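Reviewing the structure listed below.
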Amino acid sequence: DTLSPPPAGAASPAIIGRPTCILLWICSSSSVQVTTHLIIVKAPSSSQQRQAASKPDPFRRPSKGKLLVLGGTGFLGNNIACRAILEGYSVTSLSRRGLTPSVGEALREATYSGGSSAAARRRNGRSSRSGGNGGGAAFRRAELKIDYRKGDARDVAVIRDILNEGGYTGIIHAVGLLFDGTSGLTQFNRLASGSGSQPGASDTYDEVTRITSFNAIDAAEDYVRANPTMRPLPFVFSSAAEAGWAEQRAGQFVESRLTPGWMKRYLEAKRAVESRLIDAGRSPGLIRPVIFRSSLIYSLDKVASLPATSAFFLGNRIGLPFVDRPVTVQALSSAMLKSINQAKISGIQKFSDVDRLSR
């Protein structure tokens, strides 16, 4: 049957006030008669609409405030930032590169394609082939909601300006590198770094780890002084399991006799930040320091990291006192975010604490 206009003299289809009635004429013709069908569809009443609006959205999480993630485009930092978005935080990522190429391309695709699912599928496919961050399609979508800022954390004013925007409930420092510009091994960062970052010749452990952390701590203390209700502000730092070698005899031997110079400088920078954070937590108590001493951080979708990870698993399994078990980037980022919300968590956290918090 074809849709025909209403018979002569009949009322035209109309939309009438409340409750809304949609008058739909469906005319079916034959050689004998014309039959007109009237269908009335009632829209929800005002009380029904109010009742529906008052029901909570099961897929929407309440806002937990804003997090500043330093190094939010790196392997660990990006995983933290994406997971935080999914858990209900607003996230500001500060890094020297700002937007990652993949996120920039995805935003352009969303703009020109209207956010089409085809564009999303293309990006998810590329992310999967390149390793991603182990978070899947949900993380790919969360990445697009991160507020990416391009800036150098070695300039304390950059961090202060971001915090002065207000609303921040925590800071996570995930800036770091394994081989600095003076190690002579920078070419291996592409393999050792989960994000494939390449430091410059002037990037040292002191600048990348210690100075950026000290600047963030100074800026955090100033922020809390101006916003006393935020006291103490959780400050999470990604340290290294090897920073604890000085606290055990076997570790002291390994560090003094077997550790190369670049590794000693690496640990020196990590320990300097740990000491600064612990002191800041004691007096004046403006921040709550949470220090995660993790060993190798890996993800099963990054096959290149698995041989080294296996060696650390074996060393820990046979009881070498100076070898901690590796942790997944997913478990570590989950543990870090949980430590933000749990006021009793403070100080040094080891791989066993990551296991407990990430469950």
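The values are calculated or read from the model by the stated rules, or taken from the named source; none is laboratory data. If you're wondering where the values come from, they're calculated on a predicted model, not measured in any experiment. Virtual Cβ from ideal backbone geometry, glycine too; neighbours counted across all protein chains shown. Surface areas here come from the heavy atoms of the whole protein model, side chains and all, with no ligands, DNA or RNA. Shrake-Rupley method; radii C 1.70, N 1.55, O 1.52, S 1.80 Å.
A few points about this structure:
- Residues that are out of contact with any Cys (no Cβ under 7 Å at 6 or more places or on another chain) and modelled with pLDDT under 65 number at least 3 in the following helices (runs of 4 or more DSSP H) confined to segment 93-164: 101-113, 117-129.
- Within segment 314-330, the set of residues being surrounded by fewer than 20 Cβ atoms within 10 Å (Cβ to Cβ), out of contact with any Lys or Arg (no Cβ under 6 Å at 6 or more places or on another chain) and not charged (D, E, K, R) comprises Leu314, Gly315, Ile318, Gly319, Leu320, Pro321, Phe322, Thr328, Gln330.
- Checking each residue in segment 277-308 for being of a type in the set (A, V, I, L, M), modelled with pLDDT under 90 and in a helix (DSSP H, G or I) picks out Val303, Ala304, Leu306, Ala308.
- Some residue of segment 239-251 being over 19 Å from Val323 (Cα atoms) and open to solvent by less than 50 Å² (accessible area, probe 1.4 Å): no
- Residue in segment 260-276 that is touching a residue at least 60 places away in the same chain (Cβ under 8 Å), of a type in the set (Ser, Thr, Tyr), touching a strand residue (DSSP E or B) at 6+ places or on another chain (Cβ under 9 Å) and not in a loop (DSSP other than H, G, I, E, B) present: no
- In segment 283-291, the count of residues that are open to solvent by 60 Å² or more (accessible area, probe 1.4 Å) and either free of Cβ contacts under 8 Å to residues at least 60 places away in the same chain or within 21 Å of Arg271 (Cβ to Cβ) (or both) is one or more.
- Taking the criterion of being open to solvent by 30 Å² or more (accessible area, probe 1.4 Å), free of Cβ contacts under 8 Å to residues at least 24 places away in the same chain and more than 11 Å from Arg293 (Cα to Cα), the residues of segment 335-359 that qualify are Lys338, Gln342, Lys344, Arg356, Arg359.
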